[in-house]
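Contents: one structure, followed by commentary.
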Amino acid sequence: TNKHLRVLMTGLLGRPYSTNQASYDLARLARNQLIERVPGRNVYTVTRDGLLFAHLYTKVYQRVLFPLMARDRPNAPPELHAAFDTIERVVNERIAAARVPIAT
């Protein structure tokens, strides 16, 4: 629900998360078919695509990002740094083209 999402996001962000922002985010997730509204209720469920998306990002974090950021591990090989640089550049270009505001 919107109320449940606001509580979770406030905890994650460490700042207030408004009702309007929660409604906007839920609408975007629904529009991208990552969640769907339960008919007749103000409750959403995760779609199959939403689960696959979450699973992919969880695996990337567990297997790539977390090991690279661990202090007791050696640095990543140069090829991986180059790949991250490419990903960051492309993501930044897409964000700039979409005129998405940067969170502060």
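Every read-out reported here was derived from the displayed coordinates using simple, explicitly stated rules and does not represent laboratory data. Just so it is clear, the structure is predicted and the values come from calculations on it, not from any experiment. When we count neighbours, we look across all protein chains shown, and the Cβ atoms used for this are built from the backbone with ideal geometry, even at glycine.
Using only Cα atoms, tell me the angle between helix 19-31 and the longest principal axis of the chain; keep it within 0 to 90° and round to the nearest 10.
Here the helix axis deviates by roughly 80 degrees.
Over all directions, the average projected area of the alpha-carbon convex hull for the chain comes to how many nm²?
That works out to 8.7 nm², a quarter of the Cα hull's surface.
Can you tell me how much longer the chain between LEU8 and LYS59 gets when fully stretched, taken as 0.36 nm per residue apart minus their C-alpha distance, in nm with one decimal?
So the chain would gain 16.2 nm between LEU8 and LYS59.
If the elastic network links every pair of Cα atoms under 10 Å, which of LEU65, LEU80, LEU13 fluctuates the most in the Gaussian network model of the chain?
Taking springs between Cα atoms under 10 Å, the residue moving most is LEU13.
Angle between the Cα long axis of helix 78-98 and the longest principal axis of the chain, 0 to 90 degrees, nearest 10?
In the chain, helix 78-98 runs at an angle near 40 degrees to the longest axis.
Grab the other residues whose beta carbon is less than 15 angstrom from that of ASN92, score K and R as +1, D and E as -1, and report the net.
Around ASN92, the surrounding residues sum to 0.
Find the relative contact order for the chain and round it to a whole percent, using C-alpha pairs within less than 8 Å whose residues are 6+ positions apart.
Over the chain, the number comes to 14 percent.
In nm, what is the difference between 0.36 nm times the number of residues separating PHE66 and ARG99 and their Cα-Cα distance?
Computed gain between PHE66 and ARG99 is 8.9 nm.
Please find, in a Gaussian network model of the chain (springs between Cα atoms separated by less than 10 Å), the residue of ARG94, ARG28, ARG37 whose mean-square fluctuation is greatest.
Of ARG94, ARG28, ARG37, the most mobile in the Gaussian network model is ARG94.
Any chance you could give the angle, 0 to 90 degrees and rounded to 10, that helix 2-13 forms with the longest Cα principal axis of the chain?
Taking the Cα atoms of the chain, the angle to 2-13 is about 30 degrees.
Can you give the local net charge around ALA82? Use residues other than it whose beta-carbon is closer than 13 angstrom to its beta-carbon, Lys and Arg +1, Asp and Glu -1. Before the final figure, lay out the partial values.
Numbers: positive: ARG89; negative: GLU79, ASP85, GLU88.
Neighbourhood net charge equals -2.
Per-residue ellipticity at 222 nm for the chain, helices alone: DSSP H runs ≥ 4 residues times -39500 (n - 2.57), over residue total, nearest 500 deg cm²/dmol?
Rounded to the nearest 500, the figure is -19000 deg cm²/dmol.
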